[in-house]
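One structure is given below, encoded as structure tokens.
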2 protein chains.
Amino acid sequence: MTNRIGQHTILLPNRPRIVGSAAIVGKKEGKGPLHDDFDQIIDDDLFGEETWEKAESRFQYTAADLAIRKAGLTHEQIDAAMGGDLLDQIMAASLAVRELHTPFIGLYGACSTMAESLCLASMLVDGGYLHHAVCTASSHFCTAERQYRFPLEYGSQRPPTAQWTVTGAGSAVVSADEKLPAICRSTHVTLGRIVDMAIKDANNMGAAMAPAAADTLHRHLTDTGRTPADYDLIITGDLGRVGHDLLLTLMQERGMPLDPSRYSDCGLEIFSPDQDTHAGGSGCGCSAVTLCGHIFRRFQAGELQRVLFMATGALLSPTSNQQGDTIPGIAHAIALEADS
Amino acid sequence: MTNRIGQHTILLPNRPRIVGSAAIVGKKEGKGPLHDDFDQIIDDDLFGEETWEKAESRFQYTAADLAIRKAGLTHEQIDAAMGGDLLDQIMAASLAVRELHTPFIGLYGACSTMAESLCLASMLVDGGYLHHAVCTASSHFCTAERQYRFPLEYGSQRPPTAQWTVTGAGSAVVSADEKLPAICRSTHVTLGRIVDMAIKDANNMGAAMAPAAADTLHRHLTDTGRTPADYDLIITGDLGRVGHDLLLTLMQERGMPLDPSRYSDCGLEIFSPDQDTHAGGSGCGCSAVTLCGHIFRRFQAGELQRVLFMATGALLSPTSNQQGDTIPGIAHAIALEADS
């Protein structure tokens, strides 16, 4: 295996380029602290469609289409679209790519999907198997609540550990084309393993996913010989307040303490505490729009030189939960660097 | 893009090796014409578990574990497990990989999953990003019926176009290790596009998927400059009788007629007509066990030199169906050659 460093980390010798991105969010996200970083804020939670599921698909299509256009490319130039969402049978992604007419690699990584797709696309572009690939992930508060929890009409109460599913889609174009200006470049991939600490509470995803994040981060740092201080920012996907604090503790225990000023979580970035989301944001869309909106803009502004993006996923299903199974967690990490 | 030939096909210059495989099936499949080609036939549809979903996961774990062991490898040597199933949130795959403890790339390609995973693994192994990868896909008659159609207890009638979801899992290990004996090698990948011919009948998947198979096959043959006669066998995933015959017609119309003696469908291979499955087998497991059991054994026996494996998927969900949406189809193709 020619591109491995350490035991589990994959080096991308050609440093594939992120050449376009877009983040489209809903009304609540548009009122949050990152509102200036989004390409579009859609006040209508149906986005002009008949159902929330079709609206979520419209978010994905719109984000992918805009990311491709912002890269100066056409749909025909895209060798593969890859991505997914939280809906059964990744309905949002399938219906979105049906309109793009590109080859499609459907993924399911729960809320880790944006990192999973960027890891795969970066390897395939690095190796010359794809020239341009578009990575997209989405979630929608209304589709997630009714699929995973209760119909919205019930007005269920939420415990303090619960997170708020982000409505939105983020999309990024990964390319081998040296002529296109790069927002940043991907340099290393550490694929996630499934870690299950026997948590069963579907209202406490942060605690279920934090051990997987610690596992991936530990392996990444060990393999690369880097320390947390080598990154301007380490950002997890949607651990929220509970999982964020737990990861700080877990990394402290592993002898790799994180500097809280350089570690953040997309679930904490996207909403302000006065937006009453309890433990923060969640959903595939949470890390997708924070990366494709906020983080990429900070790269472009020269505020970030090196970032580790590590989206986390809780691989439960309503069925596995009803059958008393615990929640398996996963976290994929990709290292991003400014183009220099 | 260094490894592209034609417009859409990807050449694998290092010809990654399939070094291990396993096919584990249920009782009905074990009574079919391929019964001698399976590694294990499990008479208990619960496979010792409490639920059918957990049983399906047990099929996946057992197939992956056996394929890895047959390759002479250990779980620790596997750089990534990739695959999926038809269950919401790919529950069978997630729970199976939780036991494997390998990095995990979760996929959703409906019944095209076995081909999707082999395409991805072959590219990643070819490029030196993974050394050994295990690809697995499964389905289970009982989990699919209750998720997609009706509870089994209803004893619903099935129309003649309906197919029978295969209970089973197939797994294959893709490797770059030149010292391991190869069952066959992968040489070309053609990723599928979503094709939707506006079919809404979830009991007629073959018709929904055949146009996607025609699209991929047409692009593959055009890109490679090959004709159907260049393959000893072109085998689709689970088009069944209706889709099989439709693909013959569609390829005739495109001026690339298939020789019926060299074109088959896994859904027709796996059951005999007297097993009363109507239009044949279906499900991710259908193409997975036919490939990993039957086809790979024919390679090993020297009966096949070059095969195009093209698993097809119907990217519907119960929700999209209830919302009146049509069924998007997809087909991924991978060319396999004897090791010579």
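The values are calculated or read from the model by the stated rules, or taken from the named source; none is laboratory data. Note that this is a predicted model, so its numbers are computed, not measured. All Cβ positions, glycine included, derive from the backbone under ideal geometry; neighbour counts span all protein chains shown. Heavy atoms of the whole protein, side chains included, go into the accessibility calculation; ligands, DNA and RNA do not. Shrake-Rupley method; radii C 1.70, N 1.55, O 1.52, S 1.80 Å.
Annotations
- Considering the conditions (1) touching a residue at least 24 places away in the same chain (Cβ under 8 Å); (2) out of contact with any helix residue (DSSP H, G or I) (no Cβ under 9 Å at 6 or more places or on another chain), B:ALA80 is excluded by exactly one of them, (2).
- Region A:22-36 residues that are in contact (Cβ under 8 Å) with a residue 12 or more places away in the chain and open to solvent by 10 Å² or more (accessible area, probe 1.4 Å), paired with ones that are aromatic (Phe, Trp, Tyr) and assigned to a helix (DSSP H, G or I) (beta carbon under 8 Å, 6 or more apart): A:LYS28/A:PHE141
- Scanning region B:119-141 for residues that are touching an Asp or Glu at 6+ places or on another chain (Cβ under 6 Å) and surrounded by fewer than 24 Cβ atoms within 10 Å (Cβ to Cβ) turns up just one, B:HIS131.
- Every residue from region B:257-283 that is surrounded by 14 or more Cβ atoms within 10 Å (Cβ to Cβ) and of a type in the set (Asp, Glu): B:ASP265, B:GLU269
- Failed item in (1) buried (at least 24 other Cβ atoms within 10 Å of the Cβ); (2) more than 7 Å from every other protein chain (Cβ to nearest Cβ); (3) without any contact (Cβ under 8 Å) to a residue 24 or more places away in the chain, with A:PRO151 passing the rest: (1)
- All conditions in (1) facing another protein chain (nearest Cβ under 10 Å); (2) modelled with pLDDT of 95 or more hold for B:GLN7, with the sole exception of (2).
- Only listed residue being under 17 Å from A:ASP265 (Cα atoms) and buried (at least 19 other Cβ atoms within 10 Å of the Cβ), chosen from A:ILE199, A:ILE194, A:ILE234: A:ILE234
- Pairs where the first residue, in region B:191-205, is facing chain A (nearest Cβ under 9 Å) and the second is open to solvent by 70 Å² or more (accessible area, probe 1.4 Å), C-beta under 8 Å, 6+ apart: B:ARG193/A:HIS101; B:ILE194/A:HIS101
- Restricted to helices (runs of 4 or more DSSP H) entirely inside region B:255-331, those with at least 2 residues that are of a type in the set (Phe, Trp, Tyr) are B:296-300.
- Looking only at region B:327-340, and only at residues there that are more than 9 Å from chain A (Cβ to nearest Cβ) and β-branched (Val, Ile, Thr), the one that is nearest to the chain's Cα centre (by Cα): B:ILE334
- Some residue of region A:244-256 being modelled with pLDDT of 95 or more, more than 24 Å from B:ILE105 (Cβ to Cβ) and open to solvent by less than 10 Å² (accessible area, probe 1.4 Å): yes
- Matching entry among B:HIS75, B:HIS101 (being more than 9 Å from every other protein chain (Cβ to nearest Cβ), under 30 Å from A:ASN3 (Cα atoms), out of contact with any Phe, Trp or Tyr (no Cβ under 8 Å at 6 or more places or on another chain) and open to solvent by 10 Å² or more (accessible area, probe 1.4 Å)): B:HIS75
- Residue identified as away from chain A (no Cβ under 14 Å) and farther than 18 Å from A:TYR108 by Cα among B:THR62, B:THR51: B:THR62
- Residue in region B:307-315 that is surrounded by 21 or more Cβ atoms within 10 Å (Cβ to Cβ), more than 12 Å from the chain's Cα centre (by Cα) and within 14 Å of chain A (Cβ to nearest Cβ) present: yes
- Residues of region B:104-142 classified as away from every other protein chain (no Cβ under 11 Å), of a type in the set (Phe, Trp, Tyr) and not in a helix (DSSP H, G or I), total: 0
- Region B:165-180, subset part of a loop (DSSP other than H, G, I, E, B) and either modelled with pLDDT under 95 or more than 23 Å from B:ASP238 (Cβ to Cβ) (or both), residue most open to solvent (accessible area, probe 1.4 Å): B:LYS179
- Across region B:78-96, the number of residues qualifying as open to solvent by 10 Å² or more (accessible area, probe 1.4 Å) and in contact with a Gly (Cβ under 8 Å, 6 or more places away or on another chain) comes to 1.
- Applying a threshold of 6 Å to beta carbon distances and a minimum spacing of six or more residues, or different chains, the list of pairs starting in region A:293-306 at a residue that is open to solvent by 50 Å² or more (accessible area, probe 1.4 Å) and ending at one that is outside any helix (DSSP H, G or I) reads A:ARG298/A:LEU304; A:GLN300/A:ILE183; A:GLN305/A:ASP232; A:GLN305/A:ALA338; A:ARG306/A:TYR231; A:ARG306/A:ASP232; A:ARG306/A:GLU337.
- Taking the listed residues B:ALA279, B:ALA288, B:ALA301, the one that is modelled with pLDDT of 95 or more, within 18 Å of the chain's Cα centre (by Cα) and small (Gly, Ala, Ser) is B:ALA288, with no other qualifying.
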